[in-house]
Amino acid sequence: MPPGVTLKDITQESNLFRSRVVTAYALVLVLFLILLLRLVQLQVIDHRYFQTLSHNNRVKIVPIAPTRGLIFDRNGVVLAQNTPSFSLELVPEDIGDLDQTLTGLRELLEVSEADEVRFRKLLGAKRRFESVPLRTRLTEDQVARFSVNRHRFPGVDVYARLTRDYPLGSLGVHLLGYVGRISEPELRAVDPANYRATTHIGKTGVEQAYEGDLHGRVGYQHVETNAEGRTLRVLKREPPLPGRNLYLTVDASLQAVAESAFQGENGASVAIDPTTGEVLALVSLPGYDPNFFVDGIAPKTYRELLDSPDRPLFNRALSGQYPPGSTIKPFLGLAGLEQGIEQVHKRVWCPGWYSLKGRSHKYRDWKKQGHGRVDLDTAIVQSCDVYFYELALALGIDRMHDFMSEFDFGRRTGIDLLGEAVGLMPSSEWKRQVRNQPWYPGETLITGIGQGFILSTPLQLAAATSTLAMRGLRLRPKVGLFTEDSTNKEVKSLSVARAEPITQNDPQNWEKVVSSMVGVVHGARGTARRIGSDAVYKIAGKTGTAQVFGVGQDEEYDEEKIEKKLRDHALFVSFAPAENPRIAVAVVVENGGSGSRTAAPIARRIMDHYLRDLVKGSEKDGFLLTSTPARAGDVVLRPRP
């Protein structure tokens, strides 16, 4: 063996190789055992879990929005319905150049800037294979125009959808309200499971107050999808439960008469059936077309409504707070009789002004030369301010507050609508708490003629007048009459809510006040005698005028020289027939001046139409709803069940 050469140790190398092979086999065996255990876990132990995941990846539950319930008036006139409408929708993944497509559609169908803004907002919230609406409520002409050019716009098509529609336009809009696209805060406030497929929700009025009945219950369908989420087929379907139809207490023809009677003036009116508390008409003017809001109102249109000095979006009937003026005098007269105030049984001298003892300030009467010597009846009939200055002082503000509160002055009436203002019936305690000031006698005087701090809504005036008409029976006003199942026609009545009646010591006190209110309309010197001269039924009423701004001691109020927005508000409350009341009405005309000249004729037209069975020749009204006041076309009548 040559020097420096080492022989291999075959035995050692063989042992080393053998140990490496054993190690490799052991490693492979361990890995195999791990794989086997994993397969056992996946296929046996966790089989159901992964089977469920696999199934859920293949099958999805898709919610189906229910059809919204319809709204009718008490006679079956459709006030809110769902109409098929055509919408132009785009599927982004099927469109090559989106901007070029939008440009072409803009030229073909006059796509507005607002439409495009809404489209791009929705585009970010949906997946690329889902359709996104660009234009809604397409006309037949627009559908035909697109159909001819459809080949130019791949990924764009016209779809038929159900859209909320208000066939009478602005008629009764503040009562009905409207639906709009549901917002995130609104979605958090409702049951999210029941609103998963819903895009619209009631925003105001009846649509909002009765959302729970009108919406219905969501349905579901189990669909098979591919890996990208596209629907392949429907496996199972649970249909949605449609919303219940809602019948209201209002009379659409009476509502039309009431709104027309304002002849372009701003204001509010509420008519109530005093025997049931049912609201027959609820007017707030000016109004607006609720159809603008259904699919998203154009920013320019909304800004015009929002910035209008006439405030068309404001519900004056429920939320407008006005000084009631002389319309509260019958209530104060009743308070004086019930409280045993000696002054109500005496005649008071009215020289045209009144001063507190030791004071030089003169509280003026509306009649500059005065009414002479008057009693309670004459004071109500002729609306003598001086008499009620003295009566208010004798009662005191706190007794006035307690008595008037029983008629819901300064309280919500509890109507089944949202957004009702509380009004204000002041007291000495209220002023201490709110203004940290004492109550002064002069403030009691002006409260006695419905001025100063006192505020009421037209609804409160109508409800209080209704209670007076029923001699103390208090019924909460309501606008919902009954709901109806749209499938089996099952009817569910909406009950009348009663409040504690106003009980008086002497029932004759009611009759004395009511008799004086009849004298306001039918008396020879009544302030509203013009509307009672040819009436075939007896009306009990009271005029009122509420100052918008104060007049100085040495100044004269000249309506002709005063800007329209600074003129007095005109008010009138009434019920008829006086001996058997069927309707109570409150009217407020903003800056209308005299209540007898402006507000009372409106109330007369409302009562004439509602009591048309007592009025011969009432067809001259011309408000039998053969066509809609706001749009052409026949009104669909549906008989009341």
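Some points to look at:
- Candidate set from segment 168-203 (those that are more than 19 Å from A252 (Cα to Cα) and among the polar types (S, T, N, Q)); member that is surrounded by the fewest Cβ atoms within 10 Å (Cβ to Cβ): S183
- Matching residues, segment 553-569, being closer than 14 Å to W366 by Cα and either modelled with pLDDT of 95 or more or open to solvent by 30 Å² or more (accessible area, probe 1.4 Å) (or both): Q553, E555, E556, Y557, D558, E559
- Scanning segment 213-251 for residues being in contact with a strand residue (DSSP E or B) (Cβ under 7 Å, 6 or more places away or on another chain) and modelled with pLDDT of 80 or more gives a total of 19.
- Residues in segment 78-106 that are charged (D, E, K, R) and not in a helix (DSSP H, G or I): E89, D97.
- Any hit, segment 70-79, residues being closer than 21 Å to R152 by Cβ and either at pLDDT 85 or above or surrounded by fewer than 16 Cβ atoms within 10 Å (Cβ to Cβ) (or both): no
- Candidates T83, T103 - the one that is surrounded by fewer than 16 Cβ atoms within 10 Å (Cβ to Cβ) and within 25 Å of the chain's Cα centre (by Cα): T83
- Of the helices (runs of 4 or more DSSP H) lying entirely inside segment 110-211, those containing at least 2 residues that are touching a residue at least 24 places away in the same chain (Cβ under 8 Å) span 113-123, 140-148, 173-176, 205-209.
- Checking L306, L246, L332 one by one, the residue that is among the aliphatic types (A, V, I, L, M), open to solvent by less than 30 Å² (accessible area, probe 1.4 Å) and either in a helix (DSSP H, G or I) or within 30 Å of L445 (Cα to Cα) (or both) is L332 and no other.
- F119 meets each of the listed conditions (1) farther than 30 Å from V250 by Cβ; (2) open to solvent by 40 Å² or more (accessible area, probe 1.4 Å) apart from (2).
Per-residue answers, yes or no, for (1) among the hydrophobic types (A, V, I, L, M, F, W, C); (2) part of a loop (DSSP other than H, G, I, E, B); (3) surrounded by fewer than 19 Cβ atoms within 10 Å (Cβ to Cβ):
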position	(1), (2), (3)
K300	no, no, yes
L313	yes, yes, yes
A317	yes, no, no
I328	yes, no, no
L337	yes, no, no
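- Unmet requirement for R476, which otherwise passes all of (1) free of Cβ contacts under 8 Å to residues at least 12 places away in the same chain; (2) farther than 22 Å from G267 by Cα; (3) of a type in the set (D, E, K, R): (1)
- Looking across segment 122-142 at every residue that is farther than 17 Å from V91 by Cα and open to solvent by 30 Å² or more (accessible area, probe 1.4 Å), the one that is modelled with the lowest pLDDT is identified as R137.
- The listed residues are V374, V348, V381, and the only one of them that is surrounded by 23 or more Cβ atoms within 10 Å (Cβ to Cβ) and closer than 22 Å to S515 by Cβ turns out to be V381.
Residue-by-condition table, conditions (1) under 30 Å from S170 (Cβ atoms); (2) at pLDDT 85 or above; (3) more than 60 Å from the chain's Cα centre (by Cα); (4) not in a helix (DSSP H, G or I):
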| position | (1), (2), (3), (4) |
| --- | --- |
| E13 | no, no, yes, no |
| L27 | no, yes, yes, no |
| L31 | no, yes, yes, no |
| R48 | no, no, no, no |
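- Here V279 passes the criteria (1) modelled with pLDDT of 95 or more; (2) of a type in the set (V, I, T); (3) outside any strand (DSSP E or B) except the one numbered (3).
- Here the condition is being part of a loop (DSSP other than H, G, I, E, B) and either free of Cβ contacts under 8 Å to residues at least 60 places away in the same chain or farther than 21 Å from S596 by Cα (or both); of D402, D408, it holds for D408 alone.
- Hey, Y387 touching a residue at least 24 places away in the same chain (Cβ under 8 Å) and under 25 Å from W510 (Cβ atoms) or not: yes
The values are calculated or read from the model by the stated rules, or taken from the named source; none is laboratory data. It should be emphasised that the depicted structure is a prediction, and the values quoted were computed from it without experimental measurement. Glycine also receives a Cβ, built like all others from the backbone with ideal geometry; neighbour counts cover every protein chain displayed. What goes into the accessible areas is simple: the full protein's heavy atoms, side chains included, and nothing from ligands, DNA or RNA. Shrake-Rupley method; radii C 1.70, N 1.55, O 1.52, S 1.80 Å.
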